[in-house]
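Notes for the one structure printed next.
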Amino acid sequence: MKNVIIFLMLLEQTFILAQSINSENLNKLIDYCNESKADEIILSSKSEMIAHWKRTDYTNLLIDQSLSKCNTPYMGTASMVKSWTGLLVGILIDKHYVRSVDDYVCEYLPDWKIGCQNKITIKHLLTMTGGFTRLGGRGILSQTDMNKYALNLKPDTIPGIRFSYSNESVQILGILAERVTKLKGDELFTRFIFKPMEMDSTSFSKDSVGNIIFYGGCTTTVKNASKIGQLMLNIGQWNGVQIVSEQWVKESTTPGDLAPYYGYLWWIDRNSKFWNYAATGDLGQMTIIFPELDLVFIRKQSCDLSPASKNMSWMGPKFLGFISSVVDK
């Protein structure tokens, strides 16, 4: 293998809770990540790193940018940050800024007339059942003032009848968070998540008029992203401090009625040998948690822009199987 592999193993390859690391399968996982054009991965459990791999050979990648920009310590989260916004909503409920997920959004955003007319709840937005259709580049992504656009977008259907992934739903949740706290989104994340968890290399993107983007575009590192995974694995705790309630983590990772694969902005897989849930973004930025294995997997990709990378055609049961097979149980 041309790439440098860095293994940080626990003593005598003994895994927490007497589970052991399968070195052969760990190598298979790293080979697969290499082949699928990842740039960096971290595999950890309960804040202990099992393996950390970084790409050093870029010769077989389809790159349309300078290598100096490609080989960076930072990762773009893309839509992975949607799940972080879900955590923020949970924290605001824990702290009584918001009463309940069943509240109508327009109780907090009375100027969102469309939300009032359609009786859209916070839970509708968290579960992607608010009635909005995914618009991609035709939607909020191309807007100068994303907040104004989101608050004026008409739903395609009434809420609560179908799952439909949308950036706009998450941006509205972010607007609500700013409104009830009277703080900008980046200040909110810093106060309630980043500072308590010592995530010192994470920042948010803004639109052309300065609105914080809640549905994507955040910049972080694999180590910072891994902390979010550990937070979820520890059911809302970080270093003994309850950052978000245990109840919220459980609700977030429980499938909704209309989508057995989605909770509160987290993707859920109950079909694999070991159940898991994930925060994912374009090009395969991802945090995957396997609760039964006490395992957190982080994947970063910023360089290869081939069709297979954009379509994430490598993502599937085989890939998830490689991750879970690293632990002998």
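For the reader, a short list of remarks on this structure follows.
- Taking 0.36 nm per residue of separation and subtracting the Cα-Cα distance, full extension of the segment from residue 165 to residue 35 would add 43.9 nm.
- Angle in degrees between helix 222-233 and the longest Cα principal axis of the chain, rounded to the nearest 10: 70 degrees
- Alpha-carbon centroid distance for the pair the range 142-165 / the range 231-280, whole angstrom: 25 Å
- Förster-model FRET efficiency, 30 Å R0, residue 95 and residue 329, C-beta, rounded to 0.05: 0.20
- Within a straight-line Cα-Cα reach of under 19 Å, residue 206 can be paired with the following aspartates and glutamates, leaving aside sequence neighbours fewer than 8 residues apart in one chain: 145, 168, 178, 186, 187, 282.
- Sorted fewest first by neighbouring Cβ atoms within 10 angstrom, 314, 112 come out as 314, 112.
- Between helix 23-35 and the chain there is an angle of about 60 degrees, using the helix long axis and the longest principal axis of the Cα atoms.
- For the chain, built as a Gaussian network whose Cα springs stay under 10 Å, the top-fluctuating residue of 211, 27, 224: 27
- The chain: most fluctuating residue of 287, 157, 127 per GNM, C-alpha cutoff 10 Å: 157
- Going from the fewest other Cβ atoms within 10 Å to the most, the residues 70, 303, 33 appear in the order 70, 303, 33.
- Between 0 and 90 degrees, the angle of helix 167-181 with respect to the longest Cα principal axis of the chain falls at about 70 degrees.
- Residue exposure sequence - 184, 300 - by fewest surrounding Cβ within 10 Å: 184, 300
- Positive contributions from Lys and Arg (+1) and negative ones from Asp and Glu (-1), summed over other residues with Cβ under 12 Å from the Cβ of residue 164, come out at 0.
- In this rough spin-label picture, where each label sits 7 Å from Cα along the Cβ direction, the residue 71-residue 145 distance is 4.5 nm.
- Amide H contacts under 5 Å for residue 238, placed H, 5+ residues apart: 243
- Think of each Lys and Arg Cβ as +1 and each Asp and Glu Cβ as -1; about the Cα centre, that makes the dipole of the range 73-265 roughly 180 debye.
- Computed helical MRE - 222 nm, the chain, DSSP H runs ≥ 4 contributing -39500 (n - 2.57), nearest 500: -8500 deg cm²/dmol
- Residue of 223, 113, 82 that the Gaussian network model of the chain assigns the largest fluctuation, springs spanning Cα pairs under 10 Å: 113
- Based on C-alpha pairs under 8 angstrom that are at least 6 apart in sequence, the chain has a relative contact order of 26 percent.
Values quoted throughout were computed directly from the atomic coordinates according to the rules given, and no laboratory measurement underlies them. Note that the coordinates shown come from a computational prediction; the quantities given were computed from them, not determined experimentally. Quick reminder, even Gly has a Cβ in these numbers, built from the backbone with ideal geometry, and neighbours come from all protein chains shown.
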